[in-house]
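What follows is one structure encoded as C-alpha cells, with my remarks underneath.
Every number here is computed from the coordinates shown, using simple stated rules; none is lab data. For clarity, every value in this text was computed on a predicted model and none was experimentally measured. All Cβ positions, even for glycine, are placed from backbone atoms using ideal geometry, and neighbour counts span all protein chains on display.
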Protein chains: 2
Amino acid sequence: MTIKNAFYAQSGGVTAVINASACGVIEAARRHPERIANVYAGRNGIIGALTEDLIDTNQESNADIAALRTTPSGAFGSCRYKLKGLDANKREYERLIEVFKAHNIGYFFYNGGGDSADTCFKVSQLSETMGYPVQAIHVPKTVDNDLPITDNCPGFGSVAKYIATSTLEASFDVRSMAKTSTKIFVIEVMGRHAGWIAAAGALVADQGIPVVTLFPEIEFNQETFLAAVKTKVEQYGYCSIVVSEGCHWPDGKFLAEQGTKDAFGHAQLGGAAPVVANMVKQALGYKFHWAVADYLQRAARHLASKTDVDQAYALGQKAVELALAGHNSVMPTVVRKSSSPYIWEIDFAPLSKVANVEKFMPRDFISADGYGITAPCREYLYPLMQGEDYPPFDNGLPRYITLKNSAVERKLAEFKL
Amino acid sequence: MTIKNAFYAQSGGVTAVINASACGVIEAARRHPERIANVYAGRNGIIGALTEDLIDTNQESNADIAALRTTPSGAFGSCRYKLKGLDANKREYERLIEVFKAHNIGYFFYNGGGDSADTCFKVSQLSETMGYPVQAIHVPKTVDNDLPITDNCPGFGSVAKYIATSTLEASFDVRSMAKTSTKIFVIEVMGRHAGWIAAAGALVADQGIPVVTLFPEIEFNQETFLAAVKTKVEQYGYCSIVVSEGCHWPDGKFLAEQGTKDAFGHAQLGGAAPVVANMVKQALGYKFHWAVADYLQRAARHLASKTDVDQAYALGQKAVELALAGHNSVMPTVVRKSSSPYIWEIDFAPLSKVANVEKFMPRDFISADGYGITAPCREYLYPLMQGEDYPPFDNGLPRYITLKNSAVERKLAEFKL
C-alpha cells in the first residue's frame, strides 16, 4: 500500500462539535501510519489548500488532539468560500491538484454543510475529470440540520439542547417575575430557512411552559400570533416566545427588517426578538424581556449533547475508514434504528445524492396552528439532545485547546485567490 | 421556647441560585421543629404577605425542597414591590402585623437585593415601632453584586461564570470565522449601574482573546473605543466586545437609546449590542455578530458556580441560625479570608449598615484605558466562579422542580394593594 497524506478542512459556520469530528479524523488517521503519513489541515478551510497554507497536525500531541473533542469552534479556522464549477473556474481546481501533488495528498476530508458537500463532490470528480487520483469524503456538519439522507447533522443536537435548556431556564425566570413585572420573554434562535432549532425551544411546552414558536416555514400572521400570546398570558400569567431569525411576513420580508434608520440615517439592523417583543407590548401592553442567542448557541460546548459529540466523532472516524476502504465521493451518515430507546449507527451515502439537496422540516412536525410542534417532532428531537459531555474546567472556566497550528513548509509559488 | 412560624419571600430579579438560599432556609428550619413549626413562603414575594397569599412549604417533601438547590428562578414567585416608609404607608405595615399575628409568624426572612434590604430593615423595626415581636433577617441576593459589607452577592458568581464562558466560546467561534467572514462579536450583559458582570466577560483576555469591554462606570467615547477595536482586529484578525447594558454617553444617555422609530412611528427599543455592532461596521467595515444574553445569563443554572451555590445555601441556612440565636435586623454576609486558595466564611452585619448603601466596582478594577480589567479585579472574580454544580438531567434537559405551592388557608379579610 502507498503512504499518502490526508487533507482535512473545516467549512462554513462552526459548531460546538465540529472539532470532535476533526478529532475523529485525526485519531483514526493516526491509527493507520502505514497508510496515512500526516493529516494536513487547511488553515481557514479550503483557502488553506488553495494558498498552500497547510497545518502540520503531526506537530500536535495526542493529548492536544484528544482535547479537540471537548473544544468548540473550528480549531484550524473555517471560511465561507464556495468553489465554482469546474468550467467556471478551472484555475482553482488545477491549483488544488498542484498543492495535492506537491504534498502527496491522496485523501480529502471536507467538514461542512450543504455548500461544502457540493465542493467536496467536485473535488471527488478530479480523478475522473483531471486525472488526479484523490478520494474525497464529506464529513457532515451543520446546526441547520438540513443535509439529506443522514438522520441528523452534527452540531444540531447540541444547539437544540442549549436552546431548549435556555428557554426552559428563562421561562422559569419570567414565571417568577410575571405577577408584577415581566410577562413575556422572547428568545431569538438561528435557522434562516428551517425551524429545527426553533422546534427545540418549543419542547419546553412538555414541562408546562406556555410557549408560542415562530417558524420560518410558517408565514407570519400578526393577528393570530398576538391572539395566541394573549390566550397564554391570560391562562398562565406569562408566555415565552421562540422566534426563528428566519421568521418572515407573507411577502418574504424578515421580521428583523424594520426599515428603521439610526440618528445618522443608516439602516438599523436589529433582531427579530426586539421586533416581536415591541409588537406584543404595543398591542397587549405586556412588559417584556428578550434575548438573542446568536453565536452563544452554536458555540456552547459547555452544554453539548453527548449524543451529538459521539456522532460527530464517529462520523469523522468513519470518513477515514471509508477512505482506507477505497471509497470516494461519499458522506458518512447517521442512521436511526430506533427512537426509544435511541439506537443509531453510521452508514454512508453517495455525495451525488447529497450535494445541492436541502432537507426541510416536515410540515407534520409543526402543529396545525403553526405555533408549536407535534408528537413526531418530539420523538425526533429528544434523542439528539441526550446525555451530557462536559468539558474539563480550570479555575472556573472551560479548558479549551488552542493548537500550535504550525505551518507545513511551502513548496509552490504564491497563488492569488 | 415558643414555637413560631417563619415567613420567607423572594424579592426583585431572580437568579440561578436564589432557590438554593430558599433551600438553606427551609432545610435549616426543618432541623428545628421545636422552634419553627412551618415556613410560609410569600406567593410572589412580599405581595403574598400583604394579601395573605401564603404557601405551605410543609406540604413539600424533603426531596422536593432539596431539589430547589439545583433549580433556577424564584420557586415561590418574586415581585418588584417596595414598601414605602412607615409614615407614608402605615396601612401596609399594619396589614403585615395582622397577617403575622393570624399565622403566628415570628421570623421574617427576606431574600433580595438593595431595595429588599431596606424593606427588611423596616420590618425589623416593627417590634420597636409597632409593638409586634418579629425577627427580620435579610438573605442577600443580586446578580448586580452591589450590596455592601458582604464580599460578594449570591447570584453574581454564576452569572460571571456564564458570561465568561459564553464570551470565551463565542470568541473561539469568531476567531474561526474571521479570515473571510465575521470579525467582531458583541455580547451585551446585564449591569445598569455597575460593571461587575461586564468585568467577568473581560476575563477572556487571560486566554489570549482580544476583547474590548464597555463599562457603565466609564463614559462612552466613540473615538477611543473604535481605535481600541481597530488595533485588536489589526493585531489578531478579530475582536470580541463586551458591552454592559448600562454603558452610556457623557450626557448619561444609554447607548441602547437610539431615538429610532419603527414603521408605525413607535419608539424602537433595541439593545446596546446592535448599536455598538453597527457603529463598528459603519466606521471600520468589519462584519459582525451580536448577542443579548438577558435572562439567559441570570437563569443559567446549568452552568452555575459551585462556590455561588454553596454560598447561597450557606447564607440561607445562616439566616435561620441567626434568628434562632435571637438576632434581628441583620444580614448574613460572605467574608473572604483568602483569594488563593479561596477561603470564605459566613458572618453577619446589621441591616442599618446595609439598607440603602450601594457598592460600586472600585475604579482600580478597571484598566487605565477603561476597556479592560486589572489584576486586583481578576483576583476578586476568579474564586467566585470556581467549581461546577450541574443539575440532574432527564431526557436531555435539566430536571428543575416546580413545587406544589399549596396555599395556607386564609383567616383574614381581603386586602387591596
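A straight Cα-to-Cα reach below 18 Å connects A:K287 with the aspartates and glutamates A:D173, A:E188, A:E234, B:E245, B:E257, B:D294, residues fewer than 8 places away in its own chain not being considered. Count Lys and Arg as plus one, Asp and Glu as minus one, and take only other residues whose Cβ is under 14 Å from that of A:N395; the net charge is then 0. Neighbouring Cβ atoms from other chains, within 10 Å of the Cβ of residues in B:65-78, number 3 on average. Under the combined filter of DSSP loop state and at most 14 neighbouring Cβ atoms within 10 Å, the stretch B:270-368 retains these GluC sites (Glu not before Pro): B:E358. The modelled label-to-label distance between B:D394 and A:S127, using points 7 Å beyond Cα along the C-beta direction, is 5.2 nm.
Cβ-Cβ distance of B:R91 and B:E409, R₀ of 30 Å, FRET efficiency by 1/(1 + (r/R0)^6): the value works out to about 0.80. Between A:K230 and A:R192, the distance separating the two model label sites (each 7 Å from Cα on the Cα→Cβ line) works out to 3.5 nm.
Could you list the square roots of 5 times each eigenvalue of the Cα gyration tensor of chain B, that is, the equivalent ellipsoid semi-axes, sorted largest first and rounded to whole Å?
Listed largest to smallest, the semi-axes of chain B are 42, 22, 20 Å.
Listed cross-link partners A:K359/A:K404; B:K84/B:K141; B:K141/B:K230; A:K306/A:K359 are compared with a 29 Å cut-off, the Cα-Cα value being larger for A:K359/A:K404; B:K141/B:K230. Summing Lys and Arg as +1 and Asp and Glu as -1 over all other residues whose Cβ lies under 14 Å from the Cβ of B:K82 gives a net charge of 0. Only helices enter this figure: runs of n ≥ 4 DSSP H residues, each worth -39500 (n - 2.57), summed and divided by the residues of the protein assembly as shown, yield -10500 deg cm²/dmol at 222 nm to the nearest 500.
Compared with the dominant principal axis of the Cα atoms in chain B, helix B:114-124 is inclined by about 10°.
On the beta carbon distance between B:S338 and A:D347, with R0 = 41 Å, the FRET formula returns roughly 0.15. Its residue count N sets the reference 2.2 N^0.38 Å, and the alpha-carbon radius of gyration of the protein assembly as shown equals 0.99 times that reference. Based on alpha-carbon atoms, the Kirkwood radius and the radius of gyration of the stretch A:156-299 give Rg/Rh equal to 0.96.
Relative to the longest principal axis of the Cα atoms of chain A, helix A:90-102 runs at roughly 60 degrees.
For A:271-283, what's the mean count of beta carbons from other chains sitting within 10 Å of each residue's beta carbon?
3
Averaged over the residues of peptide B:179-185, the number of Cβ atoms from other protein chains lying within 10 Å of each residue's Cβ is 5.
May I ask for the angle, rounded to the nearest 10°, between helix A:18-30 and the longest principal axis of chain A, with both axes built from Cα atoms and the value confined to 0 to 90°? Tilt relative to chain A: about 20 degrees. Using the Cβ of A:T374 as centre and a radius below 15 Å, the other residues enclosed give a net charge of -3, where K and R count +1 and D and E count -1. The value of relative contact order for the stretch A:156-299, using C-alpha pairs under 8 Å at least six residues apart, is 30 percent.
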